[in-house]
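Here's the structure we're looking at; comments come further down.
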Amino acid sequence: MSRQRATLGATGVFAVPKTKPANKPATSRPDREGRAPLPFWATIAAKKQLRFLAAEHDTNQQALMTEALNLLFHKYGKPEIA
């Protein structure tokens with residue numbers, strides 16, 4: 001008796017699902033209310049140093065970057081609103 005190899009089409013790997021998954025609304029995070037992402041590029045060394053600084057001061061990178069942004073605003077005579 002010979003054994004037949006299954007083709008990918010026959011295995012159902014590429015089968016289209018008959019039902020669409022339910023669209024789940026994005027869960028909003030209260031801590032991000034009224035905030036926007038502010039991405040920027042930094043050196044790998046700066047990223048590592050920020051991570052170590054956060055650990056040394058038992059805080060997180062978000063808090064340190066908020067502090068840094070407020071210091072920058074203060075330097076240029078702008079309100080510290082970050």
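Each value in this text was obtained by applying a stated rule to the coordinates, not by laboratory testing. Just so it is clear, the structure is predicted and the values come from calculations on it, not from any experiment. Here the Cβ is made from the backbone with ideal geometry for all residues, glycine too, and neighbour counts use every protein chain on show.
Scanning region 53-78 for residues that are within 19 Å of Pro39 (Cα to Cα) and small (Gly, Ala, Ser), which turns out surrounded by the most Cβ atoms within 10 Å (Cβ to Cβ)?
Ala54
Assuming Leu50 fulfils every condition listed in (1) closer than 14 Å to Ala82 by Cα; (2) surrounded by 12 or more Cβ atoms within 10 Å (Cβ to Cβ) apart from one, which condition is it?
Failing condition for Leu50: (1).
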